[in-house]
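This report concerns only the one structure given below.
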Amino acid sequence: MAHDLHDVAVKLAREAGELIVSRRAGHIEVANTKSSDVDVVTAVDKETEEFLFRRLQELCPGDGFLGEEGQVEQSTTGVTWVVDPIDGTVNFLYNMPHYAVSIAAVTGDPTPGSWQVEAGVVFNPVTGELFHASLGQGSFLGERRLQIAKPPPMNLALLATGFAYSTAMRREQVRILAELIGEVRDIRRMGTASLDLAAVAAGRVDVYFERTLNPWDHAAGELLVTEAGGVIAGIQGFAPGARGYFCRAPHTGYSAEGKDF
Ligand code: LIP
């Protein structure tokens, strides 16, 4: 089953990518804001989500859908598609070529920490990089199999992170970062959670940490990481998700503020 779901996710990620790149060639403006003035959505985000919802209804009738832009459908088959039509919307708005279509097929309760991710695809339609995985079948960039290497010592670790759309939460995140910045090689803030997770799977960063992520930001990417031999963790005993999300190689021994991460 995972293989079929994987093939559907790859096919639709590519189709959605073509739509996104064609629209990006034109004028893009903010259609609406969500949780704050800087949490933006464009008409292309909405159009792409509607496109993916319709295609999944055609190809996988009865499956559920959980989309960033509000499209929700209960599953009658046990499979739910968790979709971020354009992850890295601000990068897309600024025409910065670092955003992705993120599509995951999950079974069970479609909630982070409860779901089983069966297949995941993170596709950057500008670079053409297609990260994909299906449960138990490995994690890939195109045809290249990904395997997370032995982690460096913490002071040589490259850390990816991101910030919330809430000012108060950003200030808290920067406080934590102020502690970490002197403990690691450097940090990268690239603006797209799914591609940050893919970067861990591909060995382009050693650790990724972020708070206030949404399910659609990390559903596909977490399978990329675990199928490449990495681990994901939450913080303070919470499941990986909105309260905090780490991913990295296993057994790093990294810790900050007296807490392992
Ligand atoms: C984004 C995430 C990113 C985070 C941004 C935003 P969006 O998702 O991918 O990691 O730092 O604040 O949440 O809103 O572009 O789909």
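The values are calculated or read from the model by the stated rules, or taken from the named source; none is laboratory data. Since the model is a prediction, treat every value here as computed from it, not as a measurement. Here the Cβ positions follow ideal geometry from the backbone for every residue, glycine too, while neighbour counts run over all protein chains shown.
For GLU68, the test of being under 30 Å from GLU143 (Cα atoms), of a type outside the set (Phe, Trp, Tyr), touching a Gly at 6+ places or on another chain (Cβ under 6 Å) and within 16 Å of the ligand (Cβ to nearest atom) is failed.
When LYS46, LYS34 are checked against the criterion of being more than 11 Å from the ligand (Cβ to nearest atom) and of a type in the set (Lys, Arg), LYS46 stands alone in meeting it.
Yes/no matrix, rows are residues, columns are (1) loosely packed, with under 13 Cβ neighbours inside 10 Å; (2) in contact with a Gly (Cβ under 8 Å, 6 or more places away or on another chain); (3) outside the structural domain of GLU129 (by TED's automatic domain parsing); (4) within 17 Å of VAL121 (Cα to Cα):
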{"position": "ALA9", "(1), (2), (3), (4)": "no, yes, no, yes"}
{"position": "LYS34", "(1), (2), (3), (4)": "no, no, no, no"}
{"position": "VAL38", "(1), (2), (3), (4)": "no, no, no, no"}
{"position": "GLU58", "(1), (2), (3), (4)": "yes, no, no, no"}
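Restricting the stretch 208-232 to residues that are farther than 11 Å from VAL122 by Cβ, within 14 Å of the ligand (Cβ to nearest atom) and of a type outside the set (S, T, N, Q), the residue that is nearest to the chain's Cα centre (by Cα) is TRP216.
Selection of first residues in the stretch 128-151 that are assigned by TED's automatic domain parsing to the domain that holds VAL200 and in a strand (DSSP E or B) and of second residues that are modelled with pLDDT of 95 or more and of a type in the set (D, E, K, R), restricted to Cβ pairs under 7 Å at least 6 apart or on distinct chains, gives an empty result. A single entry from GLN74, GLN137 fulfils the requirement of being within 17 Å of GLY230 (Cα to Cα) and at pLDDT 95 or above: GLN137.
Put simply, of ASP109, ASP84 the only residue that is over 26 Å from GLY253 (Cα atoms) and either at pLDDT below 95 or within 14 Å of the ligand (Cβ to nearest atom) (or both) is ASP84. Would you call ARG189 surrounded by fewer than 22 Cβ atoms within 10 Å (Cβ to Cβ) and modelled with pLDDT of 95 or more? It is true that ARG189 is surrounded by fewer than 22 Cβ atoms within 10 Å (Cβ to Cβ) and modelled with pLDDT of 95 or more. Note on the stretch 179-201: among residues that are hydrophobic (A, V, I, L, M, F, W, C) and within 18 Å of ALA9 (Cβ to Cβ), the one that is nearest to the ligand (Cβ to nearest atom) is ALA193. In the stretch 69-93, the residues that are in the same structural domain as GLU58 (by TED's automatic domain parsing) reach residues that are polar (S, T, N, Q) and more than 12 Å from the ligand (Cβ to nearest atom) with C-beta atoms within less than 7 angstrom, at least six apart or across chains, in these pairs: GLY78/THR107; VAL79/THR107. Beta carbons closer than 9 Å, at least 6 apart along the sequence or on distinct chains, pair a first residue in the stretch 183-196 that is touching a residue at least 40 places away in the same chain (Cβ under 8 Å) and closer than 10 Å to ALA157 by Cβ with a second that is part of a helix (DSSP H, G or I) and aliphatic (A, V, I, L, M) for GLU183/MET154.
For every residue, the table says whether it meets (1) of a type outside the set (Phe, Trp, Tyr); (2) surrounded by 22 or more Cβ atoms within 10 Å (Cβ to Cβ).
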residue	(1), (2)
SER75	yes, no
THR80	yes, yes
PRO85	yes, yes
TYR94	no, no
ALA105	yes, yes
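Matching residues to (1) assigned by TED's automatic domain parsing to the domain that holds ASP87; (2) more than 17 Å from HIS132 (Cβ to Cβ); (3) out of contact with any Pro (no Cβ under 9 Å at 6 or more places or on another chain):
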{"site": "ALA16", "(1), (2), (3)": "yes, no, no"}
{"site": "ARG23", "(1), (2), (3)": "yes, yes, yes"}
{"site": "HIS27", "(1), (2), (3)": "yes, yes, yes"}
{"site": "THR42", "(1), (2), (3)": "yes, yes, yes"}
{"site": "PHE51", "(1), (2), (3)": "yes, yes, no"}
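For the stretch 61-68, state whether one or more residues are among the charged types (D, E, K, R) and at pLDDT 95 or above. Yes, the stretch 61-68 contains at least one residue that is among the charged types (D, E, K, R) and at pLDDT 95 or above.
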